[in-house]
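This is the structure, below, for whatever I ask next.
The values are calculated or read from the model by the stated rules, or taken from the named source; none is laboratory data. Just so we're clear, the structure is a prediction, and the values are computed from it rather than from any experiment. Please note: Cβ atoms are built from the backbone with ideal geometry, for glycine as well, and neighbour counts cover all protein chains shown.
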Amino acid sequence: MMTRAEGAYLGAVRAFQNPMLDLLHKRHAPLVVSLLSLVFTVERPTVPVADAHTEIGEALAQLRAAGHDEALPTATARELCRLWADAGWLVRQVLDDDVEVYRLSAHAVGALEVAGRAGGARARVSQSRVRTLLDAIERLSQDADPDVLVRMARLDAEIARLREELARIQRTGAVDPVDEEQLLEEAENVLHLVRELPADFARVAESIKAMQRDVVTALRQDQRPTGEVLREYLERGEHVMESTAEGRAFSGALRLIGDPQRLDELSGELEVILRHPFTRRLPAQQRAELRDIGRWLERGIEQVFTAQREASHVITAQVRNHDPMRDRQVDELLREVMTGLQAWTAGARRGQPVEPVRRLPVAEVDHLRQTPGDLRPAQAPSPLADWDDDAGADVSQDEARAWGGPHYAALHEQLAASAGTDGTVDVATAFNAAPEAVRRPVDLLGVLEIAHDLGMAESDEVVLVEAVRPDGTRRRFAFSGVTTRMKDEIDE
């Protein structure tokens, strides 16, 4: 029978096997925490691999120049990133534009949050923190209690309290001021809750990715009929958010914070908080965190949705392209490669060169065609028809001009004739009053060009004009109302 001490010890051993606690337990934990927090920020959740190696290398050089050689590992920035990825602190992925990036795993986000909280202001047993706990317990009790009469009595008491408060405010015309110390406590409590959100969002996204890997692995094993596999995994691909406990919890939270109107209200509430004088007593970093709460929520939601879309895409592509024979061949090839690598590593020396593959194997083909095909077409193309440039009908200069560009001079005169006493002219009215010879569709473009050069003003009103082509056909055009001023006539 296991004793309490043994149970506690085994529980602690399992806890320290978590990559988050493993990160904080390492010898170079301060270096890892500082470099990861320096490279990855709220505004920069993913970093290109090459940029991360460069920035971490520069940070290591600066620390060595400052005299911290003894506390630094001898590995390069590239080797450190590879070690952190193997330990589960960094996740390496390829984006849609074929750019390979690093992002923090949920374990690393949690470790940074723990380190930041331990190195910052000490959490206090404040009135705000206790009230948050009591409110959560009360809400849980209400949701768990099915008694209708008890629920009605609680609602009646809450309504009576709110009515009493409303009557007091209507009677006095003032709201009781809250002490700044209490406001500071509540702000610290809000920041304490907010700092846990990035790790929560990252855990949801990673749980979806883990489900995706399980689905693909099970599909590749091909242990069940293909039809059954297709039906089950297509359904899981469509409902990936409901397939994990974290995803279901996130869906419930999304109903509270996913409404754009609720996010707008949150932004307004944060603006009210930041305008209050008590926020001047907060450090600049905490004020920035309060201001960015809305962005944290939006980016966390987008992170989960991106993981959901990628999982659905991967699962659907795997189902559509599933080929058991090809998958088995790929697995056998990979096993052969790993076996050969292990056999070579056993007898290889450090720094031993590897002979590269200079060329690919030549395919063994029994027979090739020895005579090329006939490149000549089956029959000659049809001869080109004779064309006489002078054989067409004669077109007069007036007819050609009628189908030409805008009559700028006539249009300018039409605008001047339609101008009011202050020189203002409505372009649509002037165009509709013009003779048909200068009311062609191309003339409409010309009169708008003249108005633009003179300085036009547009309105939200939609106006209609009727243009007449030289052949008598009519077209109606709609555009925003335009007015201009005939500057030359005003100067005269």
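Of the residues that sit in the range 67-98 and are among the charged types (D, E, K, R) and touching a residue at least 12 places away in the same chain (Cβ under 8 Å), which one is nearest to ALA205 (Cα to Cα)?
By that ranking, first place goes to ARG92.
Restricting attention to the range 37-51, and to residues there that are assigned to a loop (DSSP other than H, G, I, E, B) and surrounded by 13 or more Cβ atoms within 10 Å (Cβ to Cβ), which single residue is modelled with the lowest pLDDT?
Top of the filtered list is VAL42.
Additional query: Check whether at least one residue in the range 275-282 is free of Cβ contacts under 8 Å to residues at least 40 places away in the same chain and over 16 Å from the mean Cα position of the chain (by Cα), and report yes or no.
There is at least one residue in the range 275-282 that is free of Cβ contacts under 8 Å to residues at least 40 places away in the same chain and over 16 Å from the mean Cα position of the chain (by Cα).
Being surrounded by fewer than 13 Cβ atoms within 10 Å (Cβ to Cβ), modelled with pLDDT under 75 and of a type in the set (D, E, K, R) is true for just one of GLU355, GLU332, GLU364. Which residue is that?
GLU364
When you go through VAL427, VAL465, VAL438 one by one, which is the residue that is of a type outside the set (Gly, Ala, Ser) and over 14 Å from PHE479 (Cβ atoms)?
None of the other options fit; the residue is VAL438.
Restricting attention to the range 313-320, does a residue exist that is at pLDDT below 80, farther than 24 Å from ARG203 by Cβ, assigned to a helix (DSSP H, G or I) and among the small types (Gly, Ala, Ser)?
Scanning the range 313-320, I find at least one residue that is at pLDDT below 80, farther than 24 Å from ARG203 by Cβ, assigned to a helix (DSSP H, G or I) and among the small types (Gly, Ala, Ser), so the answer is yes.
Could you tell me how many of the residues in the range 436-481 are modelled with pLDDT of 90 or more and of a type in the set (Ser, Thr, Tyr)?
1
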